[in-house]
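Trainee: Take a look at the following structure, please.
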Amino acid sequence: MSDKILMNISMILKKEDFVKIKNQPTGKIQLAQKEDWFFLKEWIELFYEEALGQNFLIKNNSHKKEFNEKPQIYLWWDKKPVAMGMITTDLGATAKINLIYTIKSERGKGYGKAIVYELCKIILEDNKTPTLSVSSGNIAAKNLYYSIGFNN
């Protein structure tokens with residue numbers, strides 16, 4: 001990670017600003033299951049390293065119990081899991097999207113945008129407002145979020 005200090009930008013999606021995406025990739029969103037933990041652990045660690053520049057290691061099965069009790073992690077499946085995202089819904093009228101991650105070999109195919117879009121649909125159907133945070137230096141992610149209708 002560079003020596004630059006990057007700030008997180010909070011973004012919000014108002015229902016009237018939600019933009020339907022065109023050319024959604026093949027596959028579908030599905031709630032992660034406990035048997036998915038074997039690769040989710042690695043994906044979460046990679047997310048922290050790549051997106052946040054932090055060395056975050058999940059020791060043993062320390063987060064597995066929480067995952068089993070509150071499954072909020074979703075996967076984009078296209079013959080195999082290719083992307084993930086998480087919804088945190090205990091924020092009253094809003095729900096936060098986080099842990100957006102696409103495996104390196106599948107990047108640039110629209111899976112990240114597709115999972116964010118579908119997570120927004122889930123949140124909006126629950127009459128909540130989607131929010132998220134993004135690093136000010138993560139131009140690709142910011143552009144993806146703007147294209148769906150998020151504003152800061």
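Throughout, read-outs are computed from the coordinates displayed, never taken from laboratory work. The structure displayed is predicted, hence computed values, not measured ones. Cβ: placed from backbone, ideal geometry, glycine included. Neighbour counts: every protein chain shown.
Trainee: Using a cut-off of 19 Å between alpha-carbon atoms, which aspartates and glutamates can reach LYS96, once sequence neighbours fewer than 8 places away in the same chain are excluded?
Mentor: GLU16, ASP17, GLU66, GLU69, GLU118, GLU125, ASP126
Trainee: Next question. Would you work out if the range 8-148 is rounded, prolate or oblate? Take a ≥ b ≥ c from the square roots of the eigenvalues of the alpha-carbon gyration tensor; rounded if a/c is under 1.5, else prolate when a/b is larger than b/c, oblate otherwise. Present the calculation step by step, with values, prior to reporting the outcome.
Mentor: On the way: a/c = 1.35, a/b = 1.28, b/c = 1.06.
Cα axes put the range 8-148 in the rounded bin.
Trainee: Let me ask something else about it. Sort THR88, THR131 so that the residue with the fewest other Cβ atoms within 10 Å of its own Cβ comes first and the one with the most comes last.
Mentor: THR88, THR131
Trainee: Can you pick out the pairs among LYS34/LYS121; LYS15/LYS41; LYS80/LYS121; LYS22/LYS128 whose Cα atoms lie more than 30 Å from each other?
Mentor: Listed pairs above 30 Å: LYS15/LYS41.
Trainee: Using +1 at the C-beta of Lys and Arg and -1 at the C-beta of Asp and Glu, which of ILE122, ILE73, TYR48 has the Cα lying farthest in the positive direction of the dipole of the range 8-148?
Mentor: ILE122
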